[in-house]
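Q: What follows is a structure written as structure tokens; I'll ask about it next.
The values are calculated or read from the model by the stated rules, or taken from the named source; none is laboratory data. Because the structure is a prediction, the values reported are computed rather than measured. We place every Cβ from the backbone using ideal geometry, glycine too, and count neighbours over all the protein chains shown. What goes into the accessible areas is simple: the full protein's heavy atoms, side chains included, and nothing from ligands, DNA or RNA. Shrake-Rupley method; radii C 1.70, N 1.55, O 1.52, S 1.80 Å.
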Amino acid sequence: MTTIGIDDMALATAHHVVDLADLAAAAGVDPAKYRVGLGQDRFAFPAPDEDVVTMGAAAALPIVERHGAAGIRTLLFATESGVDQSKSAGLFVHGLLGLPPQMRVVELKQACYGGTAALQAAIGIVSRNPSERVLVVASDVARYELDSPGEPTQGAGAVAMLVAADPRLVEIEPVSGLSSAHVDDFWRPNDSSTAVVDGALSMSAYLSALTSAWDDFAAHGGAGIDEIDRFAFHQPFTKMARKALRRLATHTGAALDDVLQEATFAYNRELGNTYAASLYAGIAALLDGDDDLADRRIGLFSYGSGAVGELFTGVVRPGYDRVLRPGAVPDALAARVPLGLAEYRALHAVQHPSDVDLTTPSVTKAPFRFAGLRGRARQYERTA
Ligand code: CAA
């Protein structure tokens, strides 16, 4: 049987970083609430010339440079924070990367679950024709109102994945456990740049979707809990993954010692919530960690408010470490430019009407930038 999964992956983030210790000091909150209580240290914040397109294209660039575009006939762009109500953000990426016209390009949305919807659709396409490869881009800017409980869980980042047969990083196994329910736990109305959220309901909806998806996974012949060596969860904040593991241990009666490694938190603690990319940032961090994961099975849980949950598994391929780009993500995180609280609050408040031409200042050092609006159309350019 053809194995299909993640052949390569890369992560990009935003130009700026906000330190949660600064946010805590300004809010008069004990910094341990964010560092320990939420499990977050900092969050990435976009410059005025960055958005989900520039981050998504930056994440996909090293993959296209390494593998070329041959055989890539589909680009799936997953986001909760898209830049247009009609046109796929993927088409801007397609143009910026100079991909061939013989492709289908589409955007997928279901809050933070969109990245997994794109991955599973990509697997379906490759299983139909194993000579094809699919470029999946998950990119988001997580934004809540200033001074709201969600503010310390903001973030920004993108993960790009090449999905192919006989993958070099992680084979995705065929069984998925699914759970969908209509829940008003988190959403973003069309006229709002920030999410509306019921924090307590969102956490309980996440945990209900987890146990319900686990039961469906077990009912469909998924791996037993004792056959799963590691876990990676959607991480709106990293403490949520610890809550999820605890719930799964109670639900299954398994001890689940050692399956949730510190390594899987490393990037998410620094990025903040990256919605559709969050689970995949956790996987990237796990693979980049010190542990030898060859032939190990990873349990994966994806959650998108509203709400959809999917529990599935991936098996890490021998030789995966030769595909990784050592130091790339830590370097990108370290290169971010700190924002003071006043600058951050000013940038957060900026809202530009879509019917007025705009020229953005050149700030980002990323390979692509959002140059502004001309006749209501978004303009992007390569920076170098
Ligand atoms: N030292 C250490 N820990 C402390 C502390 C201190 N001084 N003070 C508080 N804490 C702990 C609390 O005990 C709590 O931990 P536990 O939950 O383990 O008990 C934690 O810090 C948070 O404290 P609160 O519950 O008081 O925090 P809050 O009410 O201010 O907000 C939140 C928490 C509801 C998660 C809020 O950040 C939020 O609304 N975030 C956005 C929504 C979200 O991320 N939901 C997650 C599930 S939905 C999802 O996954 C989809 C998605 O991406 C959005």
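Q: Less than 26 Å apart at the alpha-carbon level, and either on another chain or at least 8 residues along: which lysines does that give for Lys239?
A: By straight Cα distance, Lys239 reaches Lys33, Lys109.
Q: Among Ala70, Leu178, Asn190, pick out the residue whose Cα is farthest towards the positive end of the charge dipole of region 63-205, where Lys and Arg carry +1 and Asp and Glu carry -1 on C-beta, about the Cα centre.
A: Ala70
Q: Which cross-chain or sequence-distant (5 or more) residues have an amide H under 5 Å from the amide H of Leu108, H modelled 1.01 Å from N in plane?
A: Phe77, Ala78, Thr79
Q: Still on this structure, I have one more. Quick check: net charge around Ala27, other residues with Cβ under 11 Å of its Cβ, Lys/Arg +1 and Asp/Glu -1?
A: On the way: positive: Lys33; negative: Asp22, Asp30, Asp147, Glu151.
That sum, taken over residues with Cβ under 11 Å, equals -3.
Q: Further, regarding this structure: Taking just the alpha carbons, could you work out the radius of gyration and Dmax for the chain, both in angstroms?
A: So, for the chain, Rg and Dmax equal 19.5, 59 Å respectively.
Q: Continuing with this model, one more query. Could you work out the relative contact order of region 172-322, using alpha carbon pairs under 8 angstrom and six or more residues apart, expressed as a whole percent? Walk me through the numbers before you get to the answer.
A: On the way: 270 pairs, mean separation 53.4, N = 151.
Result for region 172-322 is 35 percent.
Q: Send over a whole-number figure in Å² for the accessible area per residue of the chain, probe 1.4 Å. Let's see the in-between values first.
A: Details: 15420 Å² over 384 residues.
Spelled out: the 1.4 Å probe surface of the chain, per residue, equals 40 Å².
Q: May I pose another question? Heavy atoms only, 1.4 Å probe, whole protein assembly: order Lys243, Lys33, Lys87 by accessible area, highest first.
A: Lys33, Lys87, Lys243
Q: About the Cα centre, and with charges only on the beta carbon of Lys, Arg (+1) and Asp, Glu (-1), how big is the dipole of region 227-344? Nearest 20 debye, please.
A: Computed about the Cα centre, the dipole is about 380 debye.
Q: Kindly write out, for region 114-123 in residue order, the coupling ³J(HN,Hα) from the Karplus curve 6.51 cos²θ - 1.76 cosθ + 1.60 (θ = phi - 60°), rounded to whole Hz, with x marking Gly and Pro.
A: For region 114-123, the Karplus curve yields x, x, 6, 4, 5, 4, 5, 5, 4, 4 Hz.
Q: Give the carbon-plus-sulfur fraction of the accessible surface of region 172-322 in %, rounded to a whole number; probe 1.4 Å, heavy atoms of protein chains only. Please report the intermediate quantities before stating the final value.
A: Numbers: 2680 of 5850 Å².
Of the solvent-accessible surface of region 172-322, carbon and sulfur hold 46 percent.
Q: Find how much the distance from Glu145 to Lys87 grows on full extension, using 0.36 nm per residue of separation minus their present alpha carbon separation; answer in nm with one decimal.
A: Gain in length upon complete extension: 18.2 nm.
Q: Note down the relative contact order for region 161-248 as a percent, whole number, built from C-alpha pairs under 8 angstrom at least six residues apart.
A: Working: 63 pairs, mean separation 26.1, N = 88.
So the answer I get is 30 percent.
Q: What does a probe at Arg296 reach in region 1-22, counting residues whose amide N is under 17 Å from the point 7 Å along Cα→Cβ?
A: None, by backbone N distance to the label point.
Q: Find the centroid of the Cα atoms in region 339-384 and in region 85-142, then give the distance between the two in whole Å.
A: With region 339-384 and region 85-142 each reduced to a Cα centre, they are spaced 24 Å.
Q: Next question. Over all pairs of distinct alpha carbons, what does the Kirkwood formula give as the hydrodynamic radius of region 153-195, in Å? Don't jump to the answer; show the numbers that get you there.
A: Working: mean 1/r = 0.0659 Å⁻¹.
Its Kirkwood hydrodynamic radius stands at 15.2 Å.
Q: Among 165-176, 137-148, 309-320, how do they line up by average Cβ neighbours within 10 Å per residue, starting with the highest? Mind dumping the intermediate values first?
A: Working: 165-176: 19.2, 137-148: 23.1, 309-320: 21.2.
Ranked from most to least packed, the peptides come out as 137-148, 309-320, 165-176.
Q: Further question: State to the nearest 20 debye the size of the charge dipole of the chain about its Cα centre, where the only charges are +1 on K and R beta carbons and -1 on D and E beta carbons. Don't jump to the answer; show the numbers that get you there.
A: Values: 33 positive and 46 negative charges, 146 e Å.
Computed about the Cα centre, the dipole is about 700 debye.
Q: Mind ordering 99-105, 358-364 by average Cβ neighbours within 10 Å, highest first? Could you put the intermediate results ahead of the total?
A: Numbers: 99-105: 12.9, 358-364: 15.0.
Ranking, from highest mean packing down: 358-364, 99-105.
Q: Continuing with the same structure: Work from the charge dipole of the chain (Cβ charges, +1 for Lys and Arg, -1 for Asp and Glu, about the Cα centre) and give the residue of Ala328, Thr250, Gly304 farthest towards its positive end.
A: Ala328
Q: Here is a further query. Restricting to Cα pairs below 8 Å that are 6+ residues apart, what does the relative contact order work out to for the chain? Please round to a whole percent.
A: Working: 916 pairs, mean separation 93.0, N = 384.
Answer for the chain is 24 percent.
Q: To continue, here is another question. With +1 on each Lys and Arg Cβ and -1 on each Asp and Glu Cβ, how big is the dipole of region 109-264 about its Cα centre, in debye rounded to the nearest 20? If you can, show how the numbers build up before the last one.
A: On the way: 12 positive and 20 negative charges, 43 e Å.
Roughly 200 debye for region 109-264.
Q: What percent of all Cα-Cα pairs in region 172-322 falls in each 10 Å bin, counting up from 0?
A: 11, 41, 35, 10, 2
Q: To continue, here is another question. Where does each of 180-190, 198-208, 8-18 land if you order them by average Cβ count within 10 Å, highest first?
A: In decreasing order of mean packing, 180-190, 198-208, 8-18 become 8-18, 198-208, 180-190.
Q: Please list the non-local residues whose amide H lies under 5 Å from the amide H of Thr364, H modeled 1.01 Å from N, same-chain partners needing a gap of 5 or more.
A: Excluding prolines and chain starts, which carry no amide H, the hits are Asp49.
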